[in-house]
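Reviewing the structure listed below.
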Amino acid sequence: MKPIQLPEPPSPTAARGTPDIFESGLHTIVRRAVVIGNGFPSSENHSIGLLRALGLSHNHLIYRVTRPKGGIDDWLQWLPLSLHQKFHYLFSWFRAFSSKSQYLPITSHPNGLSSILEADANHIVNLVRETYEKEGPLLVVASGRDTISIASSIKRLAADLVFVVQIQHPRSHLNRFDMVITPHHDYYPLTPEGQKQVPKFLRSWITPREPPDSHVVLTLGALHRIDFASLRSAAITWQDVFAHVPRPLLVVNIGGPTKNCPYGVDLAKELATSLLSVLGSCGSVRISFSERTPQKVSNIIVKELGNNPKVYVWDGQEPNPHVGHLAWADAFVVTADSVSMISEACSTGKPVYIMGAERCKWKFTEFHKSLRERGVVRPFTGSEDISENWSYPPLDDTADAAKRVHEALAARGWKLKI
């Protein structure tokens, strides 16, 4: 952990005041944090975005929970992490034994158990205990299914020394965390519409089963790092690239199909046709694909639009222009599958058009319905005039969640030292 620097003694000419560590006590000041991540950028951005809003973005450590990959491990990704870990150990032992080669510890495999043990609850708890007298309590922020067991274990082993925030609904036993931050649409199974889609004999198996209590913070979208300060910084950083781009600039962010938002080449063709229809009202168009975008989808987009002089397709090479796009775009088109990409675009207050929302099902329908009702997004049909400027109060879920963390810490008698 980064050592805490105590304040310098005041100079004779400086304004007199009592340092807050003496006013409130060192053990009530939270000035450090740990992020428990799962290796997926979107999930870790949830946690880092929250820390940024709390003013702790430069005083945290990141621990990662990474599942084993390769071979039979790729077929075991659906298992709970602890069970997957045990199977991985057994299979590795069996392979070593059956090959009659010298047994190598699992920790020697870079993509094996060592990656899972990288985020170790006992290690983090021991670190907190050893440094508590000097550095005070620890804020723990975790996001993603594979981080649940680690974060809850830290809370169980050191409840008085830590404040544990779990981002995304852990599905059960919410009392294992000090706070849970999750999108409102995660409670879709409890709505009348959600109940209609679940047979009665299965309802007891669908989570969540209870309405949120006082330590559950509901957001409209996903937490992220984008705010006014980051957009202003990105605008400066990317000024040489975008300052002379013909306006209006339409940015198109394309994700990939998911279980609840399935699509394929049919949507790609519709998107390409609609983009060609609005080109007349655009000065320029910039298109980005995500890591989840199927090759067959990107191929269609590139084939139909790649040679148009108004269109630039990012080739995936660094630097990633994503934050530059958010800062400089005049409007966005985003595929309906990605809550994170949509939430970031909606944090700008600029026009956001959604492609493919009608294909989404289950809780994603609730998410898109909520956005439309608040006037934050509109469907992308190909008949839009991109030069039309419409706006809305930007989504500020991350700042709202950070405020709730401040309030919860204050209720415990703690406060953040920024």
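Computed over the stretch 124-218, the alpha-carbon pair-distance distribution with 10 angstrom bins reads 15, 40, 27, 12, 5, 1, each value a whole percent. Our coupling estimate for the stretch 342-347, obtained by passing each phi through the Karplus curve with A = 6.51, B = -1.76, C = 1.60 and θ = phi - 60°, is 5, 4, 5, 4, 6, 7 Hz, Gly and Pro reported as x. In this structure S347 has an accessible area near 20 Å², from a 1.4 Å probe over the protein heavy atoms. Rounded to the nearest 20 debye, the dipole size of the stretch 132-240 about its Cα centre is 480 debye, using +1 on the Cβ of Lys and Arg and -1 on the Cβ of Asp and Glu.
Here the convex hull built on the C-alpha positions of the stretch 155-269 has a volume of 209 cubic angstrom per residue. Of the peptides 410-418, 120-128, 161-169, the order by per-residue mean of other Cβ atoms within 10 Å, starting with the highest, comes out as 161-169, 120-128, 410-418.
Sorted by average packing, counted as other Cβ atoms within 10 angstrom per residue and highest first, what order do 216-226, 258-268, 137-147, 238-248 take? Don't jump to the answer; show the numbers that get you there.
On the way: 216-226: 22.8, 258-268: 16.3, 137-147: 25.5, 238-248: 13.6.
Final packing ranking: 137-147, 216-226, 258-268, 238-248.
Assuming 0.692 mPa s and 37 °C, estimate D for the stretch 305-411 with Stokes-Einstein, Rh taken as the Kirkwood radius over Cα pairs, in µm²/s. Please list the in-between numbers first.
Details: Rh = 15.7 Å.
D = 209 µm²/s.
Sparse packing (at most 12 other Cβ atoms within 10 Å of the Cβ) combined with a DSSP loop state is found for the following GluC sites (Glu not before Pro) in the stretch 250-308: E291. Across q = 0.16, 0.20 Å⁻¹, the stretch 353-418 modelled as identical point scatterers on its alpha-carbon atoms has Debye log10 I(q)/I(0) values of -0.72, -0.88, in the order of the q list.
Please report, as a whole percent, how much of the solvent-accessible surface of the stretch 248-308 comes from carbon and sulfur atoms (probe radius 1.4 Å).
Numbers: 1310 of 2580 Å².
Reported share for carbon and sulfur atoms: 51 percent.
So if we plug the beta-carbon distance of R209 and K403 into 1/(1 + (r/R0)^6) with R0 = 35 Å, what FRET efficiency do we get, rounded to 0.05?
Numbers: r = 28 Å, r/R0 = 0.80.
About 0.80, to the nearest 0.05.
Take Y353: with every protein chain present and a 1.4 Å probe, its accessible area is about 10 Å². Ordering of 385-395, 334-344 by packing is 334-344, 385-395, highest average first (other Cβ atoms within 10 Å, averaged per residue). Which residue, N253, V323, P309, has the largest displacement toward the positive end of the dipole of the stretch 251-373 when charges sit on each Cβ (Lys, Arg +1; Asp, Glu -1)? Looking along the dipole axis, the top candidate is N253.
Checking every one of the trypsin sites (Lys or Arg not before Pro) in the stretch 264-340 against DSSP loop status and a limit of 15 other Cβ atoms within 10 Å picks out R292, K310.
The values are calculated or read from the model by the stated rules, or taken from the named source; none is laboratory data. Keep in mind that what you see is a predicted model, and the values were worked out from it rather than measured. Cβ atoms come from the backbone with ideal geometry, glycine included; neighbour counts cover every protein chain shown. To get the accessible areas, we keep the full protein, side chains included, count just its heavy atoms, and leave off ligands, DNA and RNA. Shrake-Rupley method; radii C 1.70, N 1.55, O 1.52, S 1.80 Å.
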